[in-house]
Amino acid sequence: MSDRQVVLVTGASVGLGLAIARRLLHEQRKQNLHLVLTARAGSLHRFGEQGIVERDDVWIRPLDITDAEQRVCIVNEIASTLGGVDVLINNAGVVYRSCVEHVTEPERLHQMNINFRSPIELTRCVLPGMRQKRRGKIINISSVGGMMAMPTMSVYSASKFALEGASEALYYEVKPWNVSVTLVQPGFMRSDAFEKVPYTTLSADASDDHQNPYHEHYHHMEQFIAKAMHRALATPDSVALKVIRVMRRRSPPLRVYGSLDAVLFSALRRVLPRRFYNWFLYRNLPHVRRWGKR
Ligand SMILES: NC(=O)c1ccc[n+]([C@@H]2O[C@H](COP(=O)([O-])OP(=O)(O)OC[C@H]3O[C@@H](n4cnc5c(N)ncnc54)[C@H](OP(=O)(O)O)[C@@H]3O)[C@@H](O)[C@H]2O)c1
């Protein structure tokens, strides 16, 4: 069996995905890797802008993970030309900022589609090949939002909790074929990703309208998250390094913390008695005494 590993990355043209792509390109000097870097068709130009160009062992392909035809097409092309995917890195994801009351059904389904349903569908496409070869690695980029929920992040947390649950079940299901499943859980990453966070129609209105009952929720959470991301020790590159380390391990664990704050949040959740944990978190929400005054 060839020692070459075929690595497929989603959402690789920006943010954490781009940092993973860069690390993988560097890793190619040490390991025999064939990279398939993907992005939505409209974002492909970013690779060239970043100096990442297609060559024999680096493919650049369009992939909207929500498009079933594109998912099947890319996995088939890799199977017929390269013998299948050895490592799948499900990185693409979006973060809607919204309270539960402000997410409509289509918006909820859209968020779940990108962060949960589509990565699982893509995983389903690559699994038969991995089982046949009796080797493979699925690396799903989760989040601290997949271990604890924060106000105004309800639907994001729902999508990452769902990804965590399905990945945990899959970990046991495919272990007999030597296929590993790992959830990388970053906390806050120092980046400007928060500036791109979309609001739902209703949460955008509430965030702008000072008279809206939820205005303080959005206002203070937005400032808190922006500050946390500016001050975060973790960067997309430091999280990307964790992903590379998972790839290098013969038998990676189910969960890997992506940053120090993820270790801390996880410890809080495990160590504190449940009631105290929820009370503690609530009391420490930014300016929570002003919430709900309108
Ligand atoms: N930023 C953080 O602090 C943080 C913390 C914890 C976890 N994470 C997770 O890390 C991952 C990457 O996030 P990031 O911070 O790098 O965010 P980002 O800079 O906003 O990048 C998101 C990526 O997902 C892609 N994407 C969105 N919808 C897609 C679709 N339908 N099909 C294919 N690609 C799609 C985007 O492509 P386009 O450029 O084409 O839109 C982009 O490449 C996500 O799973 C996120 O949940 C991030």
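The values are calculated or read from the model by the stated rules, or taken from the named source; none is laboratory data. Everything quoted here is computed from the prediction, not taken from an experiment. FYI the Cβ positions are ideal-geometry reconstructions off the backbone, even for glycines, and counts take in every protein chain you see. We work out accessible area using only protein heavy atoms, side chains counted, and drop any ligands, DNA or RNA first. Shrake-Rupley method; radii C 1.70, N 1.55, O 1.52, S 1.80 Å.
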- Using only the Cα atoms of region 49-139, each taken as one equal point scatterer with no solvent, compute I(q) by the Debye sum, divide by I(0), and report log10 of the ratio at q = 0.13, 0.14, 0.23 Å⁻¹. -0.54, -0.61, -1.19
- Item | Packing-based ranking, highest mean first, of 283-289, 82-88 given that Cβ atoms within 10 Å are counted | 82-88, 283-289
- Query: Between region 1-69 and region 82-111, what's the alpha-carbon centroid distance in Å?
  - Reply: 19
- R124 neighbourhood, Cβ < 15 Å, K/R = +1, D/E = -1, net charge -1
- Task: Could you give the size of the charge dipole of the chain about its Cα centre, using +1 on the Cβ of each K and R and -1 on the Cβ of each D and E, expressed in debye and rounded to the nearest 20?
- Result: 1400
- Evaluate E = 1/(1 + (r/R0)^6) for L233 and A162, where r is the Cβ-Cβ distance and R0 equals 35 Å; express this FRET efficiency to the nearest 0.05. 0.80
- Dipole magnitude of region 1-96, debye to nearest 20 (Cβ charges: Lys/Arg +1, Asp/Glu -1, about Cα centre): 300
- Task: Set the Förster radius R0 to 30 Å, insert the Cβ-Cβ distance between M112 and L268 as r into 1/(1 + (r/R0)^6), and round the FRET efficiency to 0.05.
- Result: 0.65
- Task: Send over a whole-number figure in Å² for the accessible area per residue of the chain, probe 1.4 Å.
- Result: 50
- Note on the structure: Expressed in angstrom and ordered largest first, the alpha-carbon extents of region 1-55 along the principal axes are 37, 20, 17
- Carbon and sulfur atoms account, in whole percent of the 1.4 Å probe accessible area of region 5-290, for 54
- Message: Just to be sure I understand: if I project the alpha-carbon convex hull of region 63-106 onto a plane and average over all orientations, what area do I get in nm²?
- Response: 4.3
- Roughly speaking, what is the stretch gain from W279 to L44, that is 0.36 nm per residue apart minus the C-alpha to C-alpha distance, in nm to one decimal? 80.1 nm
- Query: Which part of region 42-73 falls in the paramagnetic zone of R29, meaning amide N under 20 Å from the point 7 Å along Cα-to-beta-carbon?
  - Reply: 50-59
- Query: Based on the alpha carbon coordinates of the chain, what radius of gyration and maximum Cα-Cα distance (Dmax) apply, in Å?
  - Reply: 19.6, 66
- Ellipticity estimate at 222 nm from DSSP helix runs (n ≥ 4, -39,500 (n - 2.57)) divided over the chain, nearest 500: -14500 deg cm²/dmol
- Message: Cross-link candidates for K30: which aspartates and glutamates have Cα within less than 16 Å, leaving aside residues fewer than 8 places away along the same chain?
- Response: D3, D57
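So how do 267-276, 11-20, 205-214 stack up, highest first, on mean other-Cβ count within 10 Å?
In decreasing order of mean packing, 267-276, 11-20, 205-214 become 11-20, 205-214, 267-276.
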- Query: From the phi of every residue in region 141-155, what ³J(HN,Hα) in whole Hz does the Karplus formula 6.51 cos²θ - 1.76 cosθ + 1.60 yield, where θ is phi - 60° and glycine or proline is x?
  - Reply: 7, 9, 5, 4, x, x, 10, 8, 9, 10, x, 6, 10, 4, 6
- Task: Please state the charge dipole magnitude for region 99-160, taken about the Cα centre, from unit charges on C-beta atoms (+1 on K and R, -1 on D and E), reported in debye and rounded to the nearest 20.
- Result: 740
